[in-house]
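I have placed the structure first, in the form of C-alpha cells, so that the comments after it can refer back to it.
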Amino acid sequence: MSSFLDSQPGAVNHGRVGSHNIKGFAPLPDSDGIVIIGAGIGGLCAAAALAGAGVPVTVVERMATPGGKLRTVDCGGVAVDAGPTVFTARWIFEALFDSLGERLDDHVRLIPSDCLARHAWRDGSRLDLWADPARSRDAIARFAGPREAEGWDRFRAEAARIWNALEHRYMEAPVTTPVGLALRFGVGGMGEMLSINPFQTLWTALGKHFRDPRLHQLYGRYATYCGASPYEATATLMLIAHLEARGVWLVDGGMHKVADAIAALAAARGANFRFSTDVREIRVDKGRATGVVTGDGELLPARDVIANCDASAIAMGRFGTAARRATKATPPRDRSLSALVTMMTAEARGFDLDRHNVFFSDDYAAEFRNIFREGRLPQQPSVYVCAQDRGGGMQAPGVERFQLIVNAPASGDGRAPTVGEIEACQTATFQSLERCGLSLTPTAQVIVDPAMFEGLFPSTGGALYGRASHGWRASFRRPGSRSGLPGLWLAGGSAHPGAGVPMAALSGRLVSAAILSDRASTRTFRSMATAGGTSMPKATTASSA
C-alpha cells in the first residue's frame, strides 16, 4: 500500500510537520471547505488527507485534545491511557504519512511487541502468544498438546484466508451490499467468498479447530475486539487473529501519541482545530448540509461536513432535527459492548505481567449471557489488564500505570449499572485477578462506567464499537461514507468498515477519497458544461451508502 488515497488528486507535500502548534487560533472555515465534527482517528485521518490535497479543513472537537477514544485520564497526577491499548496495522498509518511526504517513524516511536498477550486461568494455567508463529505453536503444544497445535495451524490458515479475501474487497473498499460484495468476488470467486464463513458463529467455528476449552475461550475473545459476543458474532471475525499475526506494536508514550502525530500532520498541511468546542447543529439549507453551528451559536459554513461521531447521534437529533434522517440509529438491542474501565496507579505482586494480559472467567457463557441477555454487569468477569509500563524490554517501577477492562452492557442511557452493582463487579474483578495470582494495591484510580461513556460519546448508551457484529448482516448495516443527506459524510467506528483504531483510520481514508472524487467529478462537469459539453467522466473512487 503505497498511497493513502489511491485516487487522491493534487496531493501537496508541505514538508516536515515538526512542532506545529495545533492548539493555536483557528480562523473561520472557508465556505468551500470542510468542517469535521470530532477529532477521533477517523476524523484526523480524513483531515490530514484532505488538507494535504489542498482542501480547507476545520476540525471541531468538544474535548480539549485530539484522539476521541484515544485519550488519557489523570490518576493522582499521572497520565494513564484510557482508550485503545493495542496498535496494529501500522501499514495503514504509514500509507497516510507516506502520501504526505512524511515517515510515520519520524513522528511516532513504535516498538515491536514480541509477546502478543499473556493469558491466565483460575486453575493456574498460563499461555503466552508470540509474534513469532513458530514460538506460538510450540507454546500451544506444551500448553494443550500436539493435537491442539495442529488445530491452531488450521485456525491460523483459515484466519489468513478470511483476511486476504476481505482486505481489499471489503475493508479498504466503499461499503456495499451482500450482492455488491459477491460481484467484487466475481463468478470465479464464489468459493473464496463462502470461505469467509459468515453464516456460522465464531464460537461454533472455533470448535472445528480446538477441543481444549481454554483455547476455545481464548480465541473466542476476538469477538470482543469488535464489541460482540463470541456466541453470536460471525465466524468472519477470525480475521482479527491474522491482523495480530501481522504485528503488534507498543507506542512509546502511549496510544494517544498516534492521535497527536496525525493531528500535527493535518495542522502542518493547513487544517484548523477548534478544541473544547461543541457542535449543536448541522446546518441544512435546500436539502444539503452547509456547515455547523457551535454551542455558542457561531455558524461555521462549509461545502461538506464530516461527522466523525457515532451515527446514532445524528439520527437521534443531537445535531438538530434537519439532519436526523441522514442515517439510522442503532437500536439498543443491537449495540456493541460497553465496559467498566479502571485506570489506576498501583503496585503489582504475585504475577509476572506483560503489556497485554487477559484473565479468564470460569464460565464464559454466563459472562455474555449476563451482558447481552440480562443487561447487567457480569458476575464472574474476564479481565483485561494493560500494564502500561511493561513490555518491549521496559522494566516496571514499584508503582505502575494500569488499565483494567471488564465487558459491560451498553445501557448507559437507560438502566445503567448502580453504584452497588459497580462495586460488586469491582470486587469480583479483583477476586478474579487474585485467584490467578495477581494482587494489585492501588495508589490512585479512576473508574469509567457505561453511563460515563454515554456522556463522553452521546447517543451510544456507552457502546464503544457501534453496532455489534452479531450475524452475517451486521457488517452490511453499518452506514457508509456517504449519508442520506447531500454534503454530510460519516467516519469513525460506527461507520464502514467498523470499529477499532485501524478500521476507523480506514473510514477516514474512504470518506476523504469519496469527497475528493465527488469534487473532481463536479469540477469536470462544470468545466465541460462551460465549453458546451454535456458528458461527465465516471469518478475513479466513490462511496455508497
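Gain on full extension, evaluated as 0.36 nm per residue between Leu299 and Arg349 minus their Cα-Cα distance, stands at 12.5 nm. Each Cα pair under 8 Å and six or more residues apart adds its separation to the average, and for the chain the resulting relative contact order is 22 percent. Shown is the FRET efficiency for Phe430 and Thr204, computed with R0 = 45 Å from the Cβ-Cβ distance and rounded to the nearest 0.05: 0.85. Taken about its Cα centre, the chain carries a charge dipole of roughly 1460 debye when the Cβ of each Lys and Arg holds +1 and the Cβ of each Asp and Glu holds -1. As a rough footprinting exposure proxy, the listed residues Lys286, Lys69, Lys328 were ranked by other beta carbons within 10 Å of their own, and the order from fewest upward is Lys286, Lys328, Lys69.
What number comes out for the charge environment of Leu127, summing +1 per Lys or Arg and -1 per Asp or Glu over other residues with Cβ under 11 Å away?
Result for the local shell: +1.
Helix 133-144 and the longest principal axis of the C-alpha atoms of the chain enclose an angle of approximately 40°.
What ranking, highest mean first, results for peptides 89-97, 133-141 when packing means the other Cβ atoms within 10 Å averaged over each residue? Present the calculation step by step, with values, prior to reporting the outcome.
Details: 89-97: 20.6, 133-141: 16.0.
Result, highest mean Cβ count within 10 Å first: 89-97, 133-141.
Taking amide H atoms as placed 1.01 Å from N in the peptide plane, the amide H of Leu116 lies under 5 Å from those of Leu129, Trp130, Ala131, each 5 or more residues away in sequence or on another chain. When the Cα positions of Tyr170, Asn308, Gly145 are compared along the charge dipole of the chain, Tyr170 comes out farthest toward the positive end, with charges on each C-beta of Lys, Arg, Asp and Glu.
What FRET efficiency, computed as 1/(1 + (r/R0)^6) with R0 = 22 Å and r the Cβ-Cβ distance, is obtained for Glu423 and Ala444, rounded to the nearest 0.05?
Details: r = 18 Å, r/R0 = 0.81.
For R0 = 22 Å, the calculated efficiency reads 0.80.
Checking [x] 78, 58, 44; [y] 83, 59, 40; [z] 83, 59, 47 against the coordinates, the calculated Cα extents along the principal axes in Å falls under label [x]. The 3J(HN,Hα) values that the Karplus relation (6.51, -1.76, 1.60; θ = phi - 60°) gives for the range 147-158 are, in residue order, 5, 5, 5, 5, x, 5, 4, 5, 4, 4, 5, 5 Hz. Gly and Pro appear as x.
Just how many pairs of Lys in the chain have C-alpha atoms closer than 30 Å, counting pairs that are eight or more places apart or on different chains? Mind showing how you got there, number by number?
Details: Lys23/Lys69; Lys23/Lys257; Lys69/Lys257; Lys69/Lys328; Lys286/Lys328; Lys286/Lys538; Lys328/Lys538.
The number of close lysine pairs in the chain is 7.
Between the amide H of Gly83 and those of Arg71, distances stay under 5 Å, these residues lying 5 or more places away or on another chain, with hydrogens modeled in the peptide plane. A straight chain from Asp334 to Arg142 at 0.36 nm per residue would run longer than the Cα-Cα distance by 65.2 nm. The HN-Hα couplings worked out from phi for the range 188-196 by the Karplus form 6.51 cos²θ - 1.76 cosθ + 1.60 (θ = phi - 60°) are x, x, 4, x, 5, 5, 5, 5, 6 Hz, whole numbers, x standing for Gly and Pro.
Over all other residues within a Cβ to Cβ distance under 11 Å of Val406, the charged ones net out to -2, with Lys and Arg as +1 and Asp and Glu as -1.
Look at Arg71, Arg142 and count the other Cβ atoms within 10 Å of each Cβ; fewest to most, that gives Arg142, Arg71. Close amide H pairs (under 5 Å, H built 1.01 Å from N) link Gln200 with Ala235, residues at least 5 positions away or on another chain. When the helices of the chain are scored as -39500 (n - 2.57) per DSSP H run of n ≥ 4 and the total is divided over every residue, the value at 222 nm lands at -9000 deg cm²/dmol.
Once the Cα atoms of helix 419-435 and of the chain are each reduced to a long axis, what angle between those two axes, in degrees from 0 to 90 to the nearest 10, is obtained? Tilt relative to the chain: about 50 degrees. Note on Thr294, Thr441: ascending count of other Cβ atoms within 10 Å places them as Thr441, Thr294, the fewest first. Magnitude of the charge dipole for the range 337-456, about its Cα centre and with charges confined to Cβ atoms of Lys, Arg (+1) and Asp, Glu (-1), is about 100 debye.
Coordinate-derived values only; no laboratory data. Here the structure is a predicted model, which means the values were calculated and not measured. FYI the Cβ positions are ideal-geometry reconstructions off the backbone, even for glycines, and counts take in every protein chain you see.
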